[in-house]
Amino acid sequence: MWDEEYDVVIIGSGFAGLSAAIEARRLCSSVVVLEKMAVPGGNSIISGGLFAAAGSPLQAQENIDDSPELMLADMLAAGHDFNHRDLAGIVAEKSAETLQWTIDELGVKYRPKLSHLGGHSVPRTYNTANTSGSGIIRPMLVKCREMDIPIRLKTFLSQLITDESGAIEGVAVIEDYIFPNRESGIGKRIRAKRAVVMAAGGFSQDKKFRAIQNPMLTEDIECTNHRGATAESLIIALKAGAIPVQLSMIQLGPWASRDEEGFGVGSMFSMLAGFPYGILIDLRTGERFVNEQADRKLLVDAMLNFDRESIAIVDEMGVRHASTLEKCLKRGVVRKFDTIEELAIANQAPLIPLKATINAYNALIEKGRDDQFGKPLPKDLLPLKHPPYYSIRLISKVHYCMGGIQINTRAQIIRIDTQQPIGRFYAAGEIVGGIHGASRLGSNAITDCIVFGRIAGGNAANEPPRP
Amino acid sequence: MEVIRLVNQLRKCEDDVFQVWLCRMRKAGYSDSPGMNRREFCKRFDSVMSALEEVYRSPQKTPFARPDGVPHIFAKEIIEELSPGKNGGLDLELFLVYFKTMISCIEDRIPGINLTSEQTTDAVLKLRKIADLTEMHAIADWKRYRTVESGTIKGPPAQTTSEKILGAIFMSVGDGILLVDEDYEIVKANQRSCEIYGLPQQNIIGTDIRSLAEDTGAELLTQYFEELIEGQRKSAEITCLYVDGKSFPATVTVTRSDFDGKRHWPIIVRDDTSRKALEMQLRQEKQQTEEMNMTLKTVMKSIEQDRKDFENRVAAKISTSLLPSLKKIEKAPEANVRKSYLALLEEQLVSLTTGFEKELDAGLLKLTRTEIEVCKLIQAGCSSKDICEAMSLSFDTIQTHRKNIRRKLALNGKKLNLHAFLMNRNL
């Protein structure tokens, strides 16, 4: 009946899946990670590699006062209180120790400077040394290899198999699967002696499914995710009785470049330099229209309003924070100009209003006045007057699914009819719904994925083995 | 005086005209078209303004096209700009939309200037004439120079079928293909190369090729990049690194091809893991066979040794026991004594067979040749009837033989069947 047997079977090889695998393997003898794509790492490996932690060593070093409570408050504010507070609380609570775990256990290298991302009250974001999620995924893959955790690529979850009590007993998979061809591959059944962990990610690339949840997200809206970010595994979990939570809450990224596909290199430029150290203007008026450091939902709503055409402008001082600058310039995603005039001409922006906007903004900073849009003006923020100037053309792209399936604080998936946990069935990462409410704060996803990945993996491995 | 004022006023609101124009163009769906920037616009605007000034200043010239060859006035710079090779990506449709929108934006401004209604009408009419003549020239030129060109240029040209085929082949070939630029960065990678290194497109693009190989491999690649002349090809077996840090053997073939004035190196990568594994397996199998041969030789030798030992033992026994007994029988005068020696000899002969798989039975030695023949048949499982047929003897004779055999083997009175007794005996 079964072709293979492992203690714990994990679906997905991103941050959540690999953290679960590493944690589970410490506690039991056999763990397998199943990945439908031909390369490991899912969307995590192409992400920006930003990790938010409250109470971190760098915060102590920079004398930044932060706490899990403050982080939770930020999450709830951005999430419009749609957040499942107990789950969000765990993410904030365990953020610092989990960050430390990535350093101590995985050997992840971070830059020695914190970033301040929009919607966070204080700087609390660590950047991986290579400004990419691969800076965490690669050490995780190395760890998996050392711990003898096989990562089976091109292996697609086709069905969950339950025992007579309704608990999950194993999975039916398609091996040699060629995404997204459902006719490819060969079927196989893998038994999970202890539990199955769903860490299959979000569905931002699933144009049909996301349009069902939010019809405003039409097919022509671009997406930052890799093409495997589709809903098949979520649907399988729902079929097994999981509770759908806030599936229509799908986040668009306001920082993505119009001049490249996907997440690219421009997104990190905007996030690390353009928004915090520059200004966001509407090309048609030359004026600012929003707090550049607002959370993603506010920004996107403001950008989409009145069909605004947005670019971010930053100067030589601000651009120092952009670790992807060289790549951006090389690929034409960011353009460099000696004067504001040239920048205005190239972007077809009205020069006089643009100059007025910059002057007004500089006056705010120099005179320490409050910004009308509420942008926080920290002391290290400098006026925009150091040439050369840089601009990036922006377009909102579908980025993250806040919605997903419901779990409890032990990462157990809850059954829709009984409200009780489904036996031997765990979830972590973007497939889980409710943690971030209406809008996820930048750099909170990696924290969430690894915190709950480890919880799910640990609890899965602690299930008593089936005979 | 009015003329100067009119043109100056119009020039002053150039900025606003540009904004309005840009807005209208965008509304019409031309937001990303070539030439839609301020600088280009100003040049064209100036050209129209100069034409307008000229019309007012040189009343002898006329903006009307006349058959008598009197020079007429139009926006010359614009027409020059549109000459072949200079059109900056504009096509006729885009030009007309561009130009007509501009003229109408300028026209909208004229009533705002403090002129009498007559002057206003005059100015509008003059502007329109200039516009018409400019358009006429533009279209004429277009037909003259661009009859071959057709179709519109909007955005990047659509991929031709052959480009699509090429792209599809590139993406799907079974070997990894990477294109590396002068920064040693990967700028293009196919699906297989992603799988070989375990990195998605988004990650592998922009990666330094040297970070995907172990040090010696990276050095070799760098050396190739420096050495290769265009069109040359070199290949080598190097050790590459998978995303999880595991190393694997690979064959890389590096070529150089220059384009856009820069050096590029297409690299073909073949993962040799399975080939190497097969080679290893073959080597192991060969070694195993050789070991087996050695073992067999040793076994053969020891069997030979055993045989020799056995022969020696038998020879020794014959010379030490059997031959002396025979001598004694020969010399013994008494029948009784001879008989006892014969019994001894019999015992010694039987003892020779100790350790054989089937030991000789002393009783068997007493049997006659015919009786042994009968025994063999019984042993083979033949019935008395079968035996008499096989030996061409009568049934009774066979029965007699059986009786004698039982007596000689001391089986009389025992409940042991002759067939069972003979089973393990060596005949």
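Worth a mention:
- If you wrap segment A:257-327 in the convex hull of its Cα atoms and look at it from every side, the mean projected area works out to 4.8 nm².
- Loop exposure criterion: GluC sites (Glu not before Pro), DSSP state outside H, G, I, E and B, at most 10 other Cβ atoms within 10 Å. Applied to chain A, the longest stretch between such sites is A:220-467.
- With respect to chain B, whose longest principal axis is taken over its alpha-carbon atoms, helix B:335-352 is tilted by about 10°.
- DSSP loop chymotrypsin sites (Phe, Trp or Tyr not before Pro) with at most 14 other Cβ within 10 Å excluded, longest remaining stretch of chain B: B:65-355
- Amide H contacts of A:Ser47 (H built 1.01 Å from N, under 5 Å, at least 5 apart or other chain): A:Gly133, A:Ser134
- Proximal aspartates and glutamates relative to A:Lys239, as straight alpha-carbon distance under 17 Å, when same-chain residues fewer than 8 apart are discounted: A:Asp163, A:Glu164, A:Glu169, A:Asp417
- Rounded to two decimals, the Cα-based Rg/Rh of segment B:361-427, with Kirkwood Rh, is 0.92.
- Debye-sum result for chain B in log10 I(q)/I(0), which assumes one identical scatterer on each alpha carbon, at q = 0.06, 0.14 Å⁻¹: -0.63, -1.20
- As a rough footprinting exposure proxy, the listed residues A:Val290, B:Val17, A:Val196 were ranked by other beta carbons within 10 Å of their own, and the order from fewest upward is B:Val17, A:Val290, A:Val196.
- Pairs beyond 32 Å (Cα-Cα), from A:Lys327/B:Lys164; B:Lys100/B:Lys164; A:Lys94/A:Lys193; A:Lys336/B:Lys27; A:Lys327/A:Lys385: B:Lys100/B:Lys164
- Each of B:Thr216 and A:Ile178 was given a label point 7 Å from its Cα along the Cα-to-Cβ line. The distance between the two points is 3.7 nm.
- Percent antiparallel among DSSP beta bridges (both partners in chain A, rounded to 5): 70
- Inter-chain Cβ neighbour count for A:365-378, averaged per residue, equals 0 (cutoff 10 Å, partner chain atoms only).
- From phi via Karplus (6.51, -1.76, 1.60), per-residue ³J(HN,Hα) for segment B:48-58 in Hz, x at Gly/Pro: 5, 4, 4, 4, 5, 4, 4, 4, 6, 7, 10
- Cα-based equivalent ellipsoid of chain A: semi-axis lengths in Å, sorted from largest, via gyration tensor: 41, 22, 19
- Relative contact order (percent, whole number), chain A, Cα cutoff 8 Å, 6+ residue spacing: 25
- Taking B:Leu212, B:Leu241, B:Leu127 as the candidate residues, the one with maximal mean-square fluctuation in a Gaussian network model of chain B, Cα springs under 10 Å, is B:Leu127.
- Compactness of segment B:283-352 is given as radius of gyration and Dmax, 22.5, 76 Å, from Cα positions.
- Projecting the Cα atoms of B:Ala343, A:Met1, A:Tyr361 onto the charge dipole of the protein assembly as shown, computed from C-beta unit charges around the Cα centre, puts B:Ala343 farthest toward the positive end.
- Long-range amide H partners of A:Gly201 with built H, under 5 Å: A:Glu430, A:Ile431
- 3J(HN,Hα) along segment B:276-289: 5, 5, 5, 4, 4, 4, 4, 4, 5, 4, 4, 4, 4, 4 Hz, from the Karplus curve 6.51 cos²θ - 1.76 cosθ + 1.60 with θ = phi - 60°, whole Hz, x for Gly and Pro.
- Classification of segment A:275-383 by its C-alpha gyration tensor yields a rounded form. The axis ratio a/c (a ≥ b ≥ c) stays under 1.5.
- Nearest-ten-degree value, helix A:134-146 long axis tilted from longest Cα axis of chain A: 20
- Counting, for every residue in B:200-211, the Cβ atoms of other protein chains within 10 Å of its Cβ and taking the mean gives 5.
- Per residue, the average separation of C-alpha pairs within less than 8 Å and at least 6 apart gives segment A:255-395 a relative contact order of 35 percent.
- Bins of 10 Å, starting at 0 and running to the largest distance - Cα pair percent for the protein assembly as shown: 2, 9, 15, 15, 13, 10, 7, 6, 5, 4, 4, 3, 2, 2, 1, 1, 0, 0
- Separation between Cα centres of segment B:238-306 and segment A:1-72, rounded to whole Å: 36
- Hz values of 3J(HN,Hα) by residue in segment B:227-240 - Karplus curve (6.51, -1.76, 1.60), Gly and Pro given as x: 7, 4, 9, 4, x, 6, 9, 9, 9, 7, 9, 10, 9, 9
- Relative to the longest principal axis of the Cα atoms of chain B, the long axis of helix B:395-408 makes an angle of roughly 80 degrees.
- Cross-link table B:Lys385/B:Lys415; B:Lys327/B:Lys403; A:Lys143/A:Lys208; A:Lys109/A:Lys330, entries beyond 29 Å C-alpha to C-alpha: B:Lys327/B:Lys403; A:Lys143/A:Lys208
Laboratory data are not the source of any read-out in this text; all were calculated from the coordinates shown. Since the structure is predicted, the reported quantities are computational estimates derived from the model, not experimental observations. Methodologically, a virtual Cβ is constructed for each residue, glycine included, from the backbone with ideal geometry; neighbour enumeration extends over all protein chains shown.
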